[in-house]
Structures are given as structure tokens and as C-alpha cells.
Amino acid sequence: MIDLFKLLLGKKESSKDVAKERLKLVLIHDRSNVSPQFLEMVKSEIIKVIQNYMEIDEDSLDIQLTRTSSEDGERVVPALVANIPIKGMKNAGR
Amino acid sequence: MGEVIVITSGKGGVGKTTTTANIGTGLAVSGKKVVLVDTDIGLRNLDVVMGLENRIVYDLVDVVEKTCRLKQALIKDKRYDGLYLLPAAQTRDKNSVKPEQMIELCDELRQEFDYIIIDCPAGIEQGFKNAIAGADRAIVVTTPEVSAVRDADRIIGLLESQEIRNPRLIVNRVRADMVKRGDMMSIEDIVDILAIGLIGVVPDDEQIIISTNKGEPAVTDNKSMAGQAYRNITKRIMGEDVPLMDLNTSDGFLSKMKRLFGIKPA
Ligand SMILES: Nc1ncnc2c1ncn2[C@@H]1O[C@H](COP(=O)(O)OP(=O)(O)OP(=O)(O)O)[C@@H](O)[C@H]1O
Ligand SMILES: [Mg+2]
């Protein structure tokens, strides 16, 4: 967020801030490759939360860490893409 | 029973061999019995950094292939009591050693030494796998650069998957002046990103090159800042609680000294 403000205000970023941002982004992708367990953990947590409100089709649920272009279309950023088919709403969700 | 510590990094040239030599010598000077094992087969360097290159007869591959006995291959460093080197083979390739053989070797060395310090080759292939196979602990060396930190992160993941828990971080070649003006990631930045415990910070210090020229590790040089950093790391390895040295104050001190001797501060 702070970095966003810096950008909006047109303040020049120091090269170490640039380095840090780039590192954080590249590591998001690297890390998901190192441990497949990571995505499984994320997946099961997401399922848990959503199941409080909806009935979902667990078997065809698909969660992937990929890349997408940023809002301004100028950079490639990591993105978590989830495809979660909903079977129905639970009472708590109505 | 001794402890096996592997010094690793992922990226090449960040200071693994320098770290191995200095930590090992530092531990020996503190009265421990230490053996340094060079696992960089084909690109051995620890022997020259230690100034022991002229005394090699047998090497790591000879030992695991049982061409010689372990004792015959260990080079005793005559300058420091209790310090030994097991050199890597220079004319063989990394596949000449298998992880199981390294585990067996480490078990044997544990009987004899307090600390077994393993210098790991760059990369994540066979040489890396061999180097970490018998290790109890790992020290990950990085420099404050994007590529080195990225590779360190990968190594940390791989160590974890090999059940070598809680690796410790050394940030090497830090330049306080560049950190101050925002052109180098700070220690906090790097620790924040890698999320492992810090065991030491070593400044970029020309004394390292001078001491490597001579084959005498900087850790024994009382005037060297990097030497002081390595002495601190050595104490932390032995379980002492030593505060991180303030690179800025020492920097001020150094420039004060330089001024005193009429040398223009860098
Ligand atoms: N703190 C330091 N200050 C200045 N120079 C340093 C420092 N640490 C290491 N160097 C220099 O950097 C170079 C690489 O160091 P070293 O050989 O220890 O790295 P390495 O990680 O073992 O490399 P490799 O991956 O090739 O095995 C050497 O020339 C060494 O003298
Ligand atoms: Mg080396």
C-alpha cells in the first residue's frame, strides 16, 4: 500500500525498494514451485471458509498460482486463480 | 558427538568457501576440534583459501572409495591446533560421491571432531545433495542482491524438504554506506523476506581478499571488520549470545582511524 502511495505521489523509489518489491513478487511464484503442499494448504483453508456459506463441488475445485498482467497492463504479476463451482447456498449465507 | 554444519547458498560466489574457512578457523582458535570438508568436487578452493594446497595427497573421493583411510586424507593445519581439512577431488566429477557415502563419512567424523563444517558447491544438483546429506544444521549465505536472495530462498525450501530444519542466515558483503543511501537492501529487508534466523552479518571488506591472497583466514586478524564479524558468528555457533555488530559505528570508527592516519575516507 505504501508503495502504491509512493507511486501515486510520483516519489522516486530507492533502488532497494525496487529490489524488495521485485523479490517479493518473484518469490511468490518460486515458493509455490518448491512446495506443492503449500497450495494444498491454501486450498483446504479456502474450502473451509466457503463451506460455511455455500455448498461447493470439492472435486472439480481448481486453484492455481499463475501470472497475469497488472491493472495498468504494464507488468506481469503473480495471481491466485480459483475456480470453485457452487452447488447451492447454505442457510447461514441467505 | 560432533555437529555437522553445511555452508550453502544456491548462487555461486557469494562467500561459502570464505565463510567455511573463517568459521572453521574461528572454532579451532576457540579450542574446538574441527574438520573442514570441501565437497566442491572439480572446483576445489577451500585448500587455497586455507593456504593448505601444497599438502594434499588424498581427497574426499579417495576416502569414500576407500582408496585410503580417512586419517590419511585429513590435512592437519599446523598453525591452529585441532584444525583439519578434507580436500575435494579436483579431477573427478560430482557424481563420484553419493549421498549415502556422505552420511557414512559424516557419522565417522562426528566421532572424532566437535564440528564438521561442509563447504557446499553452488547449485542445487548432485553436489548440493551430497553436501547436505549428512548435515545436522545449515547456514545459508547470501549477499544483499535480488538474485542471491532469491536463490537462498530456494535453498531454504530444499533444506526444509530434506528435513534440515531452522537454517541460519549469513548476509555477506554488506556495505553500510549503500544501505544508508537506500541502494542496498538492509538486513531487516532480507530477514523479513527469507523469514529465517540471522546468525551474522559480514561487511564487504577488502581484508578478505588480502587474507585470501595469503591463505590466512581473516578471522584471526584483529584489525579486520569481516574478521570481527566471523569471530561473532563463531561464538553464536557455540551458543553464545553476541549482539550484532553495528556496521555503521564501525564504519565511523574506521573512517576516524583513517583520518587519524591521514587517509581520505572512502
Ligand atoms: N565479505 C567479503 N568482502 C569482500 N570480498 C569477499 C567477501 N566475501 C567473499 N568475498 C570474495 O568473493 C569471492 C567469492 O567468495 P567465495 O569463493 O567464498 O564464494 P563461494 O560461494 O564459495 O563461491 P563458489 O560458489 O564458486 O564456491 C572471493 O573472491 C572472495 O574473496
Ligand atoms: Mg566455494
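The values are calculated or read from the model by the stated rules, or taken from the named source; none is laboratory data. Owing to the predicted nature of the structure, the values given are computational and were not obtained by experimental measurement. Because the Cβ atoms are built from the backbone with ideal geometry, glycine has one as well, and the counts that use them run over all protein chains shown. For the accessible areas, the whole protein counts, side chains as well, though only heavy atoms, and no ligand, DNA or RNA atoms are used. Shrake-Rupley method; radii C 1.70, N 1.55, O 1.52, S 1.80 Å.
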> Of all the residues that make up region B:148-175, how many are on the phi < 0 side of the Ramachandran plot, open to solvent by 20 Å² or more (accessible area, probe 1.4 Å) and more than 10 Å from chain A (Cβ to nearest Cβ)?
Replying inline: 4
>> Show the residue pairs meeting these rules: Cβ distance below 7 Å; 6+ apart or different chains; first residue within region B:2-14 and farther than 19 Å from residue B:126 by Cβ; second residue within 9 Å of ligand 1 (Cβ to nearest atom).
In response: B:14/B:141; B:14/B:143; B:14/B:172
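Out of all the residues in region B:179-194, which are open to solvent by 20 Å² or more (accessible area, probe 1.4 Å) and under 14 Å from residue A:20 (Cβ atoms)?
Taking region B:179-194 as the starting set, the residues that turn out to be open to solvent by 20 Å² or more (accessible area, probe 1.4 Å) are B:179-181, B:183-184, B:187-188, B:191-192.
Correct list: B:179, B:183, B:184, B:187, B:188, B:191, B:192.
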> Can you tell me how many residues in region B:1-18 are at pLDDT 95 or above, part of a loop (DSSP other than H, G, I, E, B) and away from ligand 2 (no atom under 12 Å from the Cβ)?
Replying inline: 1
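Just checking: which of the helices (runs of 4 or more DSSP H) contained wholly in region B:19-126 hold 1 or more residues that are open to solvent by less than 70 Å² (accessible area, probe 1.4 Å), away from every other protein chain (no Cβ under 14 Å) and within 16 Å of ligand 1 (Cβ to nearest atom)?
Details: elements: B:46-49, B:60-64, B:70-73, B:99-112.
Here the list reads B:46-49, B:60-64.
Counting residues that are in contact (Cβ under 8 Å) with a residue 60 or more places away in the chain, which helices (runs of 4 or more DSSP H) fully inside region B:170-214 reach at least 2? Working first, answer last.
Values: elements: B:176-180, B:187-194, B:206-214.
Ranges flagged: B:176-180, B:206-214.
Return yes when residue B:137 is surrounded by fewer than 19 Cβ atoms within 10 Å (Cβ to Cβ) and closer than 27 Å to residue B:204 by Cβ and no when it is not. Before you say what the answer is, go through the steps one by one.
Values: surrounded by fewer than 19 Cβ atoms within 10 Å (Cβ to Cβ): yes; closer than 27 Å to residue B:204 by Cβ: yes.
Criteria met by residue B:137.
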>> Just the residues that are near ligand 1 (Cβ under 6 Å from one of its atoms) and surrounded by 24 or more Cβ atoms within 10 Å (Cβ to Cβ), please, taken from region B:1-13.
In response: B:9
